[in-house]
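A short reminder: the numbers here are calculations on the coordinates, not readings from a lab. Note that this is a predicted model, so its numbers are computed, not measured. Note: ideal-geometry Cβ built from the backbone for every residue, glycine included; neighbour counts use all protein chains shown.
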Amino acid sequence: MDIYLVGGAVRDKLLGVPVKERDWVVVGATPEDMVRLGYRPVGKDFPVFLHPETHEEYALARTERKTAPGYKGFAVHASPEVTLEEDLKRRDLTINAMAEAADGTLIDPFNGREDLAQGLLKHVSKAFVEDPVRILRVARFAARFAKWGFKVAHGTHALMKQMVAAGEVDHLVPERVWTETEKALGEDRPRRFFEVLHRCGALAVVFPELDRLFGIPQPAHHHPEIDTGEHSLMVLDQAVRLSPDPRVRFAALVHDLGKGTTPATELPQHIGHEQRSVELIEALCHRLRIPNDYRELAVKVARYHSHCHRARELRAGTLLDTLTGLDAFRRPAVLEDFLIACEADSRGRGHDGQGTGDRPYPQAEVFRTAFAAARAVDARALVGQGLEGAALGERLRELRCNAIAAAITNAPAAGS
């Protein structure tokens with residue numbers, strides 16, 4: 001019975017980055033051996049055990065055989081006769097198919113260390129095509145390691161395209177798509193996740209609303225980058241600069257989905273795209289079972305981002321209505337998330353594809369000023385005056401509008 005550290009822990013040690021979790025493979029043991037040693041079985045589809053003290057996962061060495069389409073269509077074989085190399089061969093990428101023995105010796109039968117040094121995301125074997133989740137994982141690793149210049153190997157990209165054409169991606173379940181997407185949104189350069197999926201054709205299957213934006217033009221005087229898909233990725237880039245929150249990043253990415261359904265006769269204008277974006281976001285979130293907090297913020301950004309960009313032109317009543325629509329009075333933190341996403345939208349445009357990262361966005365301060373003024377109006381004082389029902393609502397709105405108008409008029413000009 002031999003135990004090896006495997007996968008991401010070995011890879012991250014070689015990269016010199018902190019190891020977040022460790023996984024182990026046990027060669028030469030049976031499930032009965034593991035239980036006798038005090039390990040607790042937890043695996044449903046194959047033998048996985050938790051260490052009695054560290055609670056880290058220990059899996060018996062295994063092989064897999066494809067039996068049906070999709071990522072669950074596998075027959076798993078685990079026995080003491082399965083070798084370490086056979087176990088490593090079933091893994092997705094060479095950089096994840098390395099192991100470390102107890103004495104620190106590196107076991108690297110598929111040249112993962114060399115691919116790590118060259119910045120290559122390369123499949124281990126042709127069995128890569130058997131599991132469509134691997135397409136999502138490759139895209140996520142591209143996002144994680146983009147800062148080191150990692151690229152998808154040409155042969156691996158070809159296999160990913162082949163899998164899309166064969167319909168393997170059609171079998172991905174919503175929960176798995178969202179799990180990988182949410183992880184990618186938290187990476188250093190999440191745009192790479194969506195770029196990799198787009199280039200192999202998988203984006204059109206799992207995120208058709210986003211894929212549809214590529215090739216759709218926008219007015220050049222507002223959007224020098226012209227292409228709506230590129231604009232969406234640039235907005236995501238700016239959201240990454242402004243916030244670590246994946247909800248803000250998601251809202252920034254999908255805020256313009258409605259531009260993908262603009263009638264061709266209206267291009268490059270996109271009149272009414274805000275409401276179309278709301279409807280598409282609702283459908284996307286329902287289909288992929290995306291959590292409500294993601295959906296709610298994305299819908300708010302889609303519906304009101306144009307209002308935010310025109311903040312200095314809006315009447316006090318419109319500013320108040322927007323704040324109410326954002327639910328800012330009950331949930332002030334939502335306003336800040338909304339403003340960050342709108343600022344990312346404003347900055348996510350330009351000729352060079354890098355965006356205008358240092359462009360000031362005074363519109364956000366207009367909204368903050370309006371919100372502070374409106375919230376300072378004491379509704380309890382009105383109740384104390386005997387107002388209730390519709391009369392209370394009308395008077396509260398009147399006073400809030402007056403307060404907003406005064407605050408905006410007296411606010412210092414941008415840059416003063």
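Summary table
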{"quantity": "Residue in region 329-351 that is nearest to residue 224 (Cα to Cα), counting only those that are of a type in the set (Gly, Ala, Ser) and buried (at least 22 other Cβ atoms within 10 Å of the Cβ)", "calculated": "348"}
{"quantity": "Members of region 166-196 found to be under 13 Å from the mean Cα position of the chain (by Cα) and aliphatic (A, V, I, L, M), listed by number", "calculated": "177, 184, 185"}
{"quantity": "Given (1) within 22 Å of residue 16 (Cβ to Cβ); (2) of a type in the set (S, T, N, Q); (3) without any contact (Cβ under 8 Å) to a residue 60 or more places away in the chain, number of the condition residue 125 does not satisfy", "calculated": "(1)"}
{"quantity": "Residue tally, condition closer than 23 Å to residue 138 by Cβ and not aromatic (Phe, Trp, Tyr), over region 72-99", "calculated": "18"}
{"quantity": "Helices (runs of 4 or more DSSP H) completely within region 140-213 that count 1 or more residues being small (Gly, Ala, Ser)", "calculated": "154-165, 174-185, 203-206"}
{"quantity": "The one condition in (1) of a type in the set (D, E, K, R); (2) in contact with a His (Cβ under 9 Å, 6 or more places away or on another chain); (3) part of a loop (DSSP other than H, G, I, E, B) that residue 345 fails to fulfil", "calculated": "(3)"}
{"quantity": "Tabulated pairs, region 196-220, first under 15 Å from residue 177 (Cα atoms), second acidic (Asp, Glu) and buried (at least 16 other Cβ atoms within 10 Å of the Cβ), C-beta under 8 angstrom, 6+ apart or interchain", "calculated": "198/211; 203/211; 204/211"}
